[in-house]
Amino acid sequence: MLNKKHLGMMAGTLLGMMLLGGCMKGETENVEKESNAYVSVQDYTGQGYRLPNGDKNDKIAEANKDEVVQSMEEFFLNNYQTKVKVHNIIGNKDGATVYVESLGAVKFSTFAIIPIDNQGKLRPEGIWTEPGQVEYAIQSGIYAMVYEDQLATLDAYLTKFAGEHPVVGLTDEALKKTFAGGFSTPYYYITMPGESFDALSKQYLEKPETTKEEYQAAVKSLKRDPEEYNVVIRLFMKEKNQKPDKQIFDQLVSDIEAMENLPLGAYSIFLHDNEILKGDGQNSKDNTLAQDFPNEIYKK
């Protein structure tokens, strides 16, 4: 369980970077040394986002964008019965990582890699994904569909909270271009570290037209273990140069702890300052306030 939990929490931009060779740590450290490495979260739209050792292939992929897009659309339709929209193409050491969003009733984001050979030629026949990555993303989208009404409670609360406090979420464009870990909103994302929804993702692949009501009926027979589902809430301070506010954070934690009618799951909460590291779309500063593993808020 711990290994899968760790994998689930790493979903998103960092997962894509870890797949692709090169030294992610060294790359990140180099980015942090740049004078303009950080940008205000409100201004971040994915600009400057890159993967280790990918500059050369980034140019090749961009020059062949139409072929990359068509190849990815065909790959996901043929292998995952899913129509997708390509939102971002980022060069990596051995090809290009392509970030996509599903267009069907089950909403999720994920990625795949298209190889580029030593002669600079695209190899669409070799498109691949990390084992289980797309399935986890599908499960996240099914979870959001099954618990749509309960998630509406969380959506309404976080929208209201952001309106009453000096905090914001990620921009929609930044999410589309840098997040590839399943279902997400500007304020939170959902990962599936357990195995409870494995049968449901198989059902999706076999019968993508499965309805919300059919998924909800299937969920009733599953074990109700909140550790099988992670809801990760991440907010940012609205003002530049403003450190995370402990009082705001404590209020957010207290509200989530007391809130009823939330979906089954383990809830983690992060409050960052106003900045995003452009190179990886993350904020991993020491001043971040967090309530996370192993002290998540459990909803049963």
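The values are calculated or read from the model by the stated rules, or taken from the named source; none is laboratory data. This one's a predicted model, so the numbers in the text were calculated from it and none came from an experiment. Positions of Cβ are generated from backbone atoms using ideal geometry, with glycine treated the same way; all protein chains shown enter the neighbour counts.
Just to be sure I understand, how many residues within the range 225-260 are surrounded by 11 or more Cβ atoms within 10 Å (Cβ to Cβ) and in a loop (DSSP other than H, G, I, E, B)?
Residues that pass the stated criteria total 10.
Filter the range 206-219 down to residues that are under 23 Å from the mean Cα position of the chain (by Cα) and not in a helix (DSSP H, G or I), then give me how many there are.
1
Report yes if ASP273 is in contact with a Lys or Arg (Cβ under 6 Å, 6 or more places away or on another chain), over 23 Å from GLN139 (Cβ atoms) and among the charged types (D, E, K, R), otherwise no.
On the way: in contact with a Lys or Arg (Cβ under 6 Å, 6 or more places away or on another chain): yes; over 23 Å from GLN139 (Cβ atoms): yes; among the charged types (D, E, K, R): yes.
Against the criterion (in contact with a Lys or Arg (Cβ under 6 Å, 6 or more places away or on another chain), over 23 Å from GLN139 (Cβ atoms) and among the charged types (D, E, K, R)), ASP273 qualifies.
Checking the conditions here, which among GLY194, GLY182 is small (Gly, Ala, Ser), touching a Phe, Trp or Tyr at 6+ places or on another chain (Cβ under 9 Å) and either under 11 Å from ILE142 (Cα atoms) or at pLDDT 95 or above (or both)?
Working: GLY194 fails: either under 11 Å from ILE142 (Cα atoms) or at pLDDT 95 or above (or both).
Unique residue meeting the criteria: GLY182.
If I filter the range 261-300 down to residues being in a loop (DSSP other than H, G, I, E, B) and small (Gly, Ala, Ser), which single residue comes out as farthest from GLU148 (Cα to Cα)?
Applying the filter and picking the extreme gives GLY279.
Taking the range 250-296 on its own, how many of its residues are within 21 Å of the chain's Cα centre (by Cα), closer than 30 Å to PRO52 by Cβ, modelled with pLDDT of 95 or more and among the polar types (S, T, N, Q)?
Of the residues in the range 250-296, 3 are within 21 Å of the chain's Cα centre (by Cα), closer than 30 Å to PRO52 by Cβ, modelled with pLDDT of 95 or more and among the polar types (S, T, N, Q).
Name the residue that is surrounded by the most Cβ atoms within 10 Å (Cβ to Cβ), counting only residues in the range 80-89 that are touching a residue at least 40 places away in the same chain (Cβ under 8 Å) and farther than 16 Å from GLU130 by Cα.
So, considering only residues that are touching a residue at least 40 places away in the same chain (Cβ under 8 Å) and farther than 16 Å from GLU130 by Cα, the one surrounded by the most Cβ atoms within 10 Å (Cβ to Cβ) is THR82.
Using the structure shown, decide if LEU222 is under 13 Å from the mean Cα position of the chain (by Cα) and either assigned to a loop (DSSP other than H, G, I, E, B) or not small (Gly, Ala, Ser) (or both).
no
So which residues in the range 129-174 are among the hydrophobic types (A, V, I, L, M, F, W, C), surrounded by 14 or more Cβ atoms within 10 Å (Cβ to Cβ) and more than 24 Å from ASP245 (Cβ to Cβ), if there are any at all?
VAL134, ALA137, ILE138, ILE142, ALA144, MET145, VAL146, LEU151
I'd like the residue in the range 185-205 that is free of Cβ contacts under 8 Å to residues at least 60 places away in the same chain and part of a loop (DSSP other than H, G, I, E, B) and, out of all such residues, is farthest from the chain's Cα centre (by Cα).
Here the answer is SER196.
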